[in-house]
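These notes concern the structure reproduced below.
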Amino acid sequence: MKEKILQKFGEVFGDTTGVKTYFAPGRVNLIGEHTDYNGGHVFPCALTIGTYGVARQRADRKLRFYSMNFEHLGVLESSLDGLKPEKDADWTNYPKGVMWAFEKRGMEIPYGMDLMLFGNIPNGSGLSSSASVEVLTGFILRDMFGFDVTNQDLALIGQYSENNFNGVNCGIMDQFAIAMGKKDHAIFLDTADLSFEYAPIQLEGAKIVIACSNKKRGLGDSKYNERRSECETALAEIQEVVGIKSLGDLTEEQFEQYKTAVKDDVRRKRAKHAVYENQRTIKAVAALKANDIEQFGQLMNASHVSLRDDYEVTGIELDTLVEEAWKIDGVIGSRMTGAGFGGCTVSIVKTDAIDSFIEKVGAEYLKKIGYAADFYVVEIGDGPSVI
């Protein structure tokens, strides 16, 4: 991979003198969906697929970007002076947003760069290609200019840039999972205070399989911000009767006690998902620690049902992938992952059932939806690195 991207950099930018090569992973969330902006727990892990970057410092303020995933766009040029989001800038708004966020934190970037990216995360899949690009950019800036920032800072800077430069009101989970990834571990993260622990994922005789629906979606124009707003309103209504900071503070019993404070049925369902999903995540990690993978799988299944019925973010594509997965012997658990409205499902599948799982779920999906899904058997990897 390294040779391939270095060769391409030389073709696009003339030579490879003075370059360095970097990698930041994608992520998948095993359970805990739409809880990260509701003060709840999430349980993501970094993957061994992600975004590769080749970067070289320039002697001027110019920025030159090239993506091997969007070769038709050619080299997109910009400048460190007057960084702002522009429609014509396309994907480069993500690295530019991180540069802007660094400068907002008082870290002046002295020189521009030539930057080429290649991602082997399926585009629009919900495996966090945008957060991967953000963390990668921050990692490159730290390495290139010696900024004093931790990996956790890189996650927060990435989230800040996506919220404020790109206008997507995302939570912290994606950037955190990518920046803090650890091989063969998932991250049990409390998004209310960013306390976390690494939990080893030992799936003896089973693997994580991602199914990409190939339904394209954009987070900014999806219902994501609408769901977030519904939860914020529900929280404000519940806060009138009980002193909590976030929906993640409530147990299921407390939610049932106070739910009548939420005036609207739809908002009540949204809040119910946030509360119950948070508790499912806590139980799922406890099950994993007790080596009860079957219980973990049942909680994954229940998570999908809640995302389908209470949060209403699944859609026919994701529901088809999950419901067909549930029919297969050897599937321990399956659910949608990511924001929803397209994107991916994550399943834990016994190794000897993987071929049959891909064949049967793939065939039923094609028959019902009219186009094919893609399947990836993935490994859990580390955070960003120089390669």
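T337 falls short on exactly one of the conditions (1) closer than 30 Å to V133 by Cβ; (2) exposed (fewer than 15 other Cβ atoms within 10 Å of the Cβ), and that condition is (2).
Conditions (1) surrounded by 22 or more Cβ atoms within 10 Å (Cβ to Cβ); (2) touching a helix residue (DSSP H, G or I) at 6+ places or on another chain (Cβ under 9 Å), marked per residue:
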residue	(1), (2)
M144	no, no
F147	no, yes
C170	yes, yes
K207	no, yes
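Taken together, the residues in the stretch 239-258 that are in a loop (DSSP other than H, G, I, E, B), open to solvent by 30 Å² or more (accessible area, probe 1.4 Å) and closer than 23 Å to G32 by Cα amount to 2.
Could you pull out every one of the helices (runs of 4 or more DSSP H) wholly within the stretch 97-205 that has 1 or more residues that are more than 20 Å from the chain's Cα centre (by Cα) and over 30 Å from A353 (Cβ atoms)?
On the way: elements: 129-145, 151-164, 173-179.
Here the list reads 129-145.
Annotation note: Cβ proximity below 9 Å between a residue of the stretch 355-377 that is closer than 19 Å to G205 by Cα and assigned to a strand (DSSP E or B) and a residue that is open to solvent by 40 Å² or more (accessible area, probe 1.4 Å) and basic (K, R) (sequence gap 6+ or interchain) occurs for V377/K207. Restricting attention to the stretch 95-114 and to residues that are within 24 Å of E11 (Cα to Cα) and not charged (D, E, K, R), the residue that is surrounded by the most Cβ atoms within 10 Å (Cβ to Cβ) turns out to be P95. Scan the stretch 54-78 for residues that are open to solvent by 40 Å² or more (accessible area, probe 1.4 Å), within 23 Å of E162 (Cβ to Cβ) and not in a helix (DSSP H, G or I) and the total you get is 4.
The residue of the stretch 79-94 that is least open to solvent (accessible area, probe 1.4 Å), among those that are closer than 19 Å to Y111 by Cβ and outside any helix (DSSP H, G or I), is L80.
Checked against (1) within 22 Å of the chain's Cα centre (by Cα); (2) surrounded by fewer than 18 Cβ atoms within 10 Å (Cβ to Cβ), Q298 passes all but a single condition, namely (1). Of the residues that make up the stretch 37-51, is at least one farther than 30 Å from L247 by Cβ, under 23 Å from the mean Cα position of the chain (by Cα), surrounded by 24 or more Cβ atoms within 10 Å (Cβ to Cβ) and not charged (D, E, K, R)? Yes, because at least one residue in the stretch 37-51 is farther than 30 Å from L247 by Cβ, under 23 Å from the mean Cα position of the chain (by Cα), surrounded by 24 or more Cβ atoms within 10 Å (Cβ to Cβ) and not charged (D, E, K, R).
Within this structure, D319 passes the test of being part of a helix (DSSP H, G or I) and either open to solvent by less than 70 Å² (accessible area, probe 1.4 Å) or touching a residue at least 24 places away in the same chain (Cβ under 8 Å) (or both).
Within the stretch 1-20, how many residues are part of a helix (DSSP H, G or I) and touching a strand residue (DSSP E or B) at 6+ places or on another chain (Cβ under 7 Å)?
Of the stretch 1-20, the ones part of a helix (DSSP H, G or I) are 2-13.
Then keep just the ones that are touching a strand residue (DSSP E or B) at 6+ places or on another chain (Cβ under 7 Å); that gives 2, 5-6, 8-9, 12-13.
Final tally of qualifying residues: 7.
Return a yes/no flag: does the stretch 277-288 have any residue that is assigned to a helix (DSSP H, G or I), crowded, with 24+ Cβ neighbours inside 10 Å, among the hydroxyl-bearing types (S, T, Y) and under 20 Å from the mean Cα position of the chain (by Cα). Looking for residues that are assigned to a helix (DSSP H, G or I), crowded, with 24+ Cβ neighbours inside 10 Å, among the hydroxyl-bearing types (S, T, Y) and under 20 Å from the mean Cα position of the chain (by Cα), one finds at least one in the stretch 277-288, hence yes.
Give the residues of the stretch 185-205 that are within 20 Å of M173 (Cβ to Cβ), aliphatic (A, V, I, L, M) and open to solvent by less than 40 Å² (accessible area, probe 1.4 Å), sorted by residue number. Full working, then the answer.
From the stretch 185-205, those within 20 Å of M173 (Cβ to Cβ) are 185-201; that's our starting set.
Narrowing further to those that are aliphatic (A, V, I, L, M): 186-187, 189, 192, 194, 199, 201.
Passing the criteria: A186, I187, L189, L194, A199, I201.
The values are calculated or read from the model by the stated rules, or taken from the named source; none is laboratory data. Because the structure is a prediction, the values reported are computed rather than measured. Positions of Cβ are generated from backbone atoms using ideal geometry, with glycine treated the same way; all protein chains shown enter the neighbour counts. With ligands, DNA and RNA removed, areas are computed over all heavy atoms of the protein, side chains included. Shrake-Rupley method; radii C 1.70, N 1.55, O 1.52, S 1.80 Å.
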